[in-house]
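The structure appears below as structure tokens.
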Amino acid sequence: MKRYTAHIECNDNGFYTVYVPNDDFPFGWFGEGFSVEEAKRDYVEGFAAMAQDHYERTGVKVEAEFDFVYDASAFLQHFKGMLTLSGMSKITGINKAQLSQYVCGRRHPSPKTEAKIKASVKKFAEELSKAMV
């Protein structure tokens, strides 16, 4: 079974959307919700319904597994209660005010800034995973 990367985004109202940015599927769908969990559940349930409908119409089974990844704004919004802006500023080297604008959806990071946030968070996660062996 093929694995796909499903992207989670968040708009300025705190509403999450999940999608796979490719056209490998013979049908389209997406997930949405007021939380990451709700959007992921909607996405997986939508896929199951569309795959079943496609199978009933064509006799062709479509199977897939999904890995979910966040864009920077969705990541900051989802984890804002667990990671402070001060802490994220220390981890990423990005000003708290700028991070706050990303969390609130007033601005979105440039591709370069998004890459910096992702790399910094991954590095921090690696450090954490090694700290409690």
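What follows is calculated from the coordinates using simple rules that are stated; it is not laboratory data. Note that the structure is predicted; figures quoted are calculated from it, not measured. Counting neighbours? That spans all protein chains shown, and the Cβs are built from the backbone with ideal geometry, glycine included.
Laid out as a table, the results:
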{"read-out": "Highest-fluctuation residue, Arg107, Arg57, Arg41 considered, GNM on the chain with Cα pairs under 10 Å", "value": "Arg57"}
{"read-out": "Range of Cα positions in the stretch 72-131 per principal axis (Å), largest first", "value": "35, 25, 18"}
{"read-out": "Relative contact order (percent, whole number), the chain, Cα cutoff 8 Å, 6+ residue spacing", "value": "24 percent"}
{"read-out": "Spatial separation of Cα centroids for the stretch 61-121 and the stretch 1-25, in angstrom", "value": "15 Å"}
{"read-out": "Gaussian network model of the chain, springs between alpha carbon atoms under 10 Å - residue of Glu56, Glu37, Glu114 with greatest fluctuation", "value": "Glu56"}
{"read-out": "The stretch 72-131 - charge dipole about Cα centre, Lys and Arg +1 at Cβ, Asp and Glu -1, debye rounded to 20", "value": "140 debye"}
{"read-out": "Long-range HN-HN contacts of Tyr4 with modeled amide H, under 5 Å", "value": "Glu65, Phe66, Asp67"}
{"read-out": "Cα-Cα separations in the chain greater than 25 Å, expressed as whole percent", "value": "37 percent"}
{"read-out": "Cβ charges +1 (Lys, Arg) and -1 (Asp, Glu), total dipole of the chain, debye", "value": "880 debye"}
{"read-out": "Phi-based couplings in Hz for the stretch 9-22 (Karplus 6.51, -1.76, 1.60; Gly and Pro marked x)", "value": "10, 9, 8, 6, 9, x, 9, 9, 10, 10, 7, 10, x, 8"}
{"read-out": "Nearby lysines by direct alpha-carbon distance to Lys61 (threshold 27 angstrom, same-chain neighbours under 8 apart not counted)", "value": "Lys2, Lys40"}
{"read-out": "Taking only Cα atoms of the stretch 3-69, radius of gyration then Dmax in Å", "value": "12.3, 41"}
{"read-out": "Phi to ³J(HN,Hα) by Karplus 6.51 cos²θ - 1.76 cosθ + 1.60 over the stretch 61-69, Hz, x for Gly, Pro", "value": "7, 10, 10, 7, 10, 10, 9, 9, 10"}
{"read-out": "Candidate lysines for bridging to Lys123, where Cα separation is under 16 Å - those fewer than 8 sequence places away on the same chain excluded", "value": "Lys90"}
